[in-house]
Amino acid sequence: MDATYWNQVAENYTDEIFSVLEHDEENLIAARVEKFASDTGAASDLGCGIGKFLSLLSCNFRHVYAYDISEKCLEQARHNCTEFQNIDYLKVDLAKQTIKIPKVDLALCVNSIIMPSISQRLRYFSTIISHLIPGGHLILVVPSFESAIYSKIRLIEWNQRNGIGNGAAVMAVWNENNKQKASHLQQGIVNIDHVPTKHYLKEELFVLLKDLGLDIHEVLKIEYDWRTEFSDPPHWLKEPFPWDWLVTARKRVDR
C-alpha cells in the first residue's frame, strides 16, 4: 500500500474515488450496519478514506475507530465528522505483518483490499480476523471480477453495434485496457484507470473467508448504473448492471 499515492489522491478524493455509499441506492450497507448495531459495542472502518461511512457507524455504535494509511485522508475525515465525538482516527498500514489494534464488534471494509500484492492482501485479511471479537461481524465490499469481465463483454458488443468487425471489436477493448497482463488476470487483477486493482470471484470469497475462520451470512450484489463504467453509455445498455460484491460474515467462536 502506498501512503504517498493516497495522500495525493486525498486532494481530489471526491472526484477521483468512486463513492460506494452514494451509489448504493438500495442502502444495502446501511441496513446491515443497523442490523448489527450496538450502543455498547465498537466498530471500525478499515480504509476509511475521507470518512463517508463514519457518521453511519458513529450513530450505531458506542465507539468507532477510523483507520487509513493516508494522513491527508484522515485530516479530511476529521473535518467531515466534527460533530461526532466517539471516533478515533488512526494512521495505520493494515497490510503490515505486526499490527495490534483494538478488537471490535463490527468491521466495515469497503473496497480497501484491492492492492495487486497477494502478500499484502492476505496480511490485511489476517488483520481483520485478529481485529474482530469472537462472534463479531464483518461487512466487506469488494470489486467483482465477474462484473469486470461482463463489462468488457458489453463493451465489445458496443463496438460491434458501431460497425466494428468482431476481431477488431475484441482487440479495441484489449488495447484500451492496456493489454492486461495474463499474470494479473489469473489473480483477478484488472486495470482501473491504469491502476492494477484486485477483483474477486464470488466462489473465491467463500473459500477465502471460510479458511480465515469466518462464516458467511450472505453475498449480495450492489448494482450500479452503467454510467459508473462508461461515459455516455448507449440507451440500449440496460440490465444486468455492473456490481460490487457485498459480503456479511461472522467470526467463529472457538469451542
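The values are calculated or read from the model by the stated rules, or taken from the named source; none is laboratory data. The structure presented is a predicted model; accordingly, all values stated were derived computationally and were not measured. A quick note on method: Cβ atoms are made from the backbone with ideal geometry, for glycine too, and the neighbour counts reach across all protein chains shown.
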- Task: From 58, 119, 70, 151, grab the single residue that is of a type in the set (Gly, Ala, Ser) and not assigned by TED's automatic domain parsing to the domain that holds residue 245.
- Result: 151
- Task: State yes or no: is residue 87 surrounded by 17 or more Cβ atoms within 10 Å (Cβ to Cβ), in contact (Cβ under 8 Å) with a residue 24 or more places away in the chain, in the same structural domain as residue 237 (by TED's automatic domain parsing) and of a type in the set (A, V, I, L, M)?
- Result: yes
- Note on the structure: Sole miss for residue 73 among (1) touching a Leu at 6+ places or on another chain (Cβ under 6 Å); (2) surrounded by 24 or more Cβ atoms within 10 Å (Cβ to Cβ); (3) in contact (Cβ under 8 Å) with a residue 60 or more places away in the chain is condition (1)
- Expected output for region 234-252 (first residue within 12 Å of residue 143 (Cβ to Cβ) and in contact (Cβ under 8 Å) with a residue 60 or more places away in the chain, partner among the basic types (Lys, Arg) and part of a strand (DSSP E or B), Cβ below 9 Å, 6+ apart or cross-chain) is 243/221; 244/221; 245/221; 246/221
- Message: Against the definition (more than 25 Å from residue 250 (Cβ to Cβ) and modelled with pLDDT of 95 or more), how does residue 74 come out, yes or no?
- Response: yes
- Message: Need the failing condition index for residue 188 against (1) loosely packed, with under 11 Cβ neighbours inside 10 Å; (2) outside the structural domain of residue 113 (by TED's automatic domain parsing), just the number.
- Response: (1)
- Message: From the list 207, 195, exactly one residue is over 22 Å from residue 126 (Cα atoms) and free of Cβ contacts under 8 Å to residues at least 12 places away in the same chain. Which is it?
- Response: 195
- Item | Filter result (surrounded by fewer than 21 Cβ atoms within 10 Å (Cβ to Cβ) and closer than 24 Å to residue 190 by Cβ) within region 91-122 | 93, 111, 114, 115, 116, 117, 118, 119, 120, 121, 122
- Task: Test residue 169 against the criterion of being at pLDDT 90 or above and not assigned by TED's automatic domain parsing to the domain that holds residue 26, and give yes or no.
- Result: yes
- Message: Condition check: out of contact with any helix residue (DSSP H, G or I) (no Cβ under 6 Å at 6 or more places or on another chain), assigned to a strand (DSSP E or B) and over 18 Å from residue 60 (Cβ atoms). Does residue 116 satisfy that?
- Response: no
- Task: Could you check how many residues of region 221-255 are in contact with a strand residue (DSSP E or B) (Cβ under 7 Å, 6 or more places away or on another chain), hydrophobic (A, V, I, L, M, F, W, C) and crowded, with 16+ Cβ neighbours inside 10 Å?
- Result: 7
- Assuming residue 134 fulfils every condition listed in (1) part of a strand (DSSP E or B); (2) within 15 Å of the chain's Cα centre (by Cα); (3) surrounded by fewer than 20 Cβ atoms within 10 Å (Cβ to Cβ) apart from one, which condition is it? (2)
- Item | Hits in region 91-113 - residues which are at pLDDT 95 or above and out of contact with any helix residue (DSSP H, G or I) (no Cβ under 8 Å at 6 or more places or on another chain) | 105
- Query: Which condition does residue 140 not pass, out of (1) under 20 Å from residue 212 (Cβ atoms); (2) surrounded by 13 or more Cβ atoms within 10 Å (Cβ to Cβ); (3) out of contact with any strand residue (DSSP E or B) (no Cβ under 8 Å at 6 or more places or on another chain); (4) touching a residue at least 24 places away in the same chain (Cβ under 8 Å), if it passes all the others?
  - Reply: (3)
